[in-house]
Amino acid sequence: MSQTKQDRNKALVLEAFDTLFNKRDYIAAERNWSPRYIQHSAHIAPGREGLFELVKAAPPNLKYESGLVVADGDYVILHGRFSGIGLPVNWIAADVVRIEDGFLAEHWDVIQDEATREQSKSGRPMFGDSLPVYATSEKGTG
Amino acid sequence: MPEQPHPYDPLTSDNTALVLVDHQVGLMTGVRDYSTGELKHNVVALAKAAKALKLPIVATTTARDSLWGPTFPELVEALPGVEIIDRSSVNAFDDERKAADSKKALAVAGIKGVFIDRDPTVFDRLFSADYRQHNPQIPNGTAAIKALLGKLPADFKYEPGLVVAEGDYVTIHGRYFGWGPKPMIAVDIFRVANGKIAEHWDVMQEEVPAAQSANGNSMLTSTQGSV
């Protein structure tokens with residue numbers, strides 16, 4: 001049933017993101033990320049290794065929070081937030097993942113600085129239920 | 001009966017879909033009130049009319065591999081590109097894929113209506129009166145986008161790509177030209193409620209051409225399929 005496949009794909013992607021970005025367990029993450037991983041995110045070096053190296057070099061307080069996750073066919077799209085990325089702002093990301101043979105096989109993303117209340121004309125958060133207050137006085141580049 | 005959720009709207013290609021339920025060879029023999037030939041002729045004509053009007057078409061079968069056989073071939077021929085959904089439950093509307101398909105069609109009609117057709121009537125037809133905007137650069141409600149529509153540069157362009165939909169949510173990966181000096185890649189997220197587009201989030205980033213990317217790949221690719 002397609003319901004089962006969608007749920008399975010969503011669970012796989014959520015586990016993969018948590019394992020890599022939050023737990024930073026690279027051995028376990030190899031069970032989720034395909035050895036033939038195709039990267040389309042403009043700032044990340046090719047393949048699974050490129051992604052893992054990026055996470056290894058990230059600050060210790062790196063954190064990924066997921067929000068909406070939708071699955072359809074072989075694709076999963078996640079709306080999420082990366083914080084602790086070594087910048088005065090958070091990143092809001094929409095990650096597009098193609099699943100093949102139970103692995104994350106291909107990835108595209110769109111990344112944008114998370115706007116504060118002062119920066120938001122709509123007054124509604126880009127992600128989650130509240131607008132961020134950044135620890136420093138920096139307002140970000142958004 | 002529940003209260004009518006919203007007042008009567010005239011039928012248009014944006015709020016209508018054709019649902020063809022179980023036109024299978026094994027079920028044809030059960031039709032007694034007119035001839036099978038006439039039935040096929042009428043259904044094919046209906047399907048062709050819907051195609052010509054660009055209506056979303058959902059076609060189903062029930063237990064096609066085990067019991068009732070395939071959709072009759074004349075209809076299959078009239079529906080190029082339409083995936084015929086084989087279902088296991090008797091009530092076709094129990095299948096959530098059909099609900100998801102109609103929401104997908106609504107969100108795609110909405111974004112195309114705004115950014116490709118630049119049709120100011122799209123807001124009243126397809127968007128909820130209390131549309132909730134989460135894009136930080138656009139004020140709340142539909143009035144702000146309507147005003148924006150008049151200010152778009154002449155070379156403004158939108159190209160939708162992959163659409164991923166589930167439940168009440170439809171997400172669209174695409175490319176905008178003319179928001180800024182460089183093309184922008186976006187994922188737009190819509191929530192659908194009561195048959196209207198009710199809420200919107202997006203994430204936008206300046207496109208990095210493949211040649212300048214850390215991995216040499218394009219940020220938006222045609223292999224994903226498009227609408």
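The values are calculated or read from the model by the stated rules, or taken from the named source; none is laboratory data. Only a predicted model underlies this, so the values are computations on that prediction, with no experimental measurement involved. Here the Cβ is made from the backbone with ideal geometry for all residues, glycine too, and neighbour counts use every protein chain on show.
Against the test of being under 19 Å from A:K23 (Cα atoms), modelled with pLDDT of 95 or more, touching a Phe, Trp or Tyr at 6+ places or on another chain (Cβ under 9 Å) and among the β-branched types (V, I, T), the options A:V96, A:V55 yield a single qualifying residue, A:V55. In region A:72-96, the residues that are closer than 21 Å to A:K5 by Cα form no Cβ pair under 6 Å with any partner that is of a type in the set (V, I, T) and in a loop (DSSP other than H, G, I, E, B), whether six or more places apart or across chains. Scanning region B:111-137 for residues that are under 19 Å from A:A94 (Cβ atoms) and surrounded by fewer than 18 Cβ atoms within 10 Å (Cβ to Cβ) gives B:R132, B:Q137.
Just give me the residues in region B:148-162 being at pLDDT 90 or above and of a type in the set (G, A, S), in sequence order. Of everything in region B:148-162, just one residue is at pLDDT 90 or above and of a type in the set (G, A, S), namely B:G161.
Does B:V19 fit the bill of being part of a strand (DSSP E or B) and either touching a strand residue (DSSP E or B) at 6+ places or on another chain (Cβ under 9 Å) or of a type in the set (S, T, N, Q) (or both)? Spelling it out, B:V19 is indeed part of a strand (DSSP E or B) and either touching a strand residue (DSSP E or B) at 6+ places or on another chain (Cβ under 9 Å) or of a type in the set (S, T, N, Q) (or both). Might you check whether a residue that is within 24 Å of B:V208 (Cα to Cα) and of a type outside the set (A, V, I, L, M, F, W, C) occurs anywhere in region A:61-77? Yes, there is a match, as at least one residue in region A:61-77 is within 24 Å of B:V208 (Cα to Cα) and of a type outside the set (A, V, I, L, M, F, W, C). Among the residues making up region B:112-123, those that are within 18 Å of the chain's Cα centre (by Cα) and in contact (Cβ under 8 Å) with a residue 12 or more places away in the chain are B:K112, B:G113, B:V114, B:F115, B:I116, B:R118, B:V122, B:F123.
Per this entry, B:L27 is counted among residues that are farther than 23 Å from B:K196 by Cα, in contact with a Gly (Cβ under 9 Å, 6 or more places away or on another chain) and either part of a helix (DSSP H, G or I) or not polar (S, T, N, Q) (or both). A single member of B:L27, B:L20 is of a type outside the set (S, T, N, Q), closer than 26 Å to B:A105 by Cβ and in contact (Cβ under 8 Å) with a residue 24 or more places away in the chain, and it is B:L20.
If you go through region A:47-62 one residue at a time, do you hit one that is in a loop (DSSP other than H, G, I, E, B) and either in contact with a Cys (Cβ under 9 Å, 6 or more places away or on another chain) or at the interface with chain B (Cβ under 9 Å from one of its Cβ atoms) (or both)?
Taking region A:47-62 as the starting set, the residues that turn out to be in a loop (DSSP other than H, G, I, E, B) are A:57-62.
From the residues that got through so far, the ones that are either in contact with a Cys (Cβ under 9 Å, 6 or more places away or on another chain) or at the interface with chain B (Cβ under 9 Å from one of its Cβ atoms) (or both) too are none.
No, because not a single residue in region A:47-62 is in a loop (DSSP other than H, G, I, E, B) and either in contact with a Cys (Cβ under 9 Å, 6 or more places away or on another chain) or at the interface with chain B (Cβ under 9 Å from one of its Cβ atoms) (or both).
Here A:S66 fulfils each of the conditions (1) farther than 30 Å from B:Y131 by Cβ; (2) touching a Leu at 6+ places or on another chain (Cβ under 6 Å) apart from (1). Across region B:193-206, the number of residues qualifying as over 12 Å from B:R132 (Cβ atoms) and modelled with pLDDT under 95 comes to 2. Of all residues in region B:123-136, those satisfying the criterion of being part of a strand (DSSP E or B) and among the polar types (S, T, N, Q) are B:S128, B:Q133.
For region B:17-44, how many residues are of a type in the set (A, V, I, L, M) and either in contact with a Leu (Cβ under 9 Å, 6 or more places away or on another chain) or on the phi > 0 side of the Ramachandran plot (or both)?
Going through region B:17-44 one residue at a time, the tally reaches 7.
Among the residues making up region B:64-86, a single one is aromatic (F, W, Y) and assigned to a loop (DSSP other than H, G, I, E, B): B:F72. Taken over region A:3-40, residues that are within 12 Å of another protein chain (Cβ to nearest Cβ) and over 13 Å from A:A105 (Cα atoms) amount to 5.
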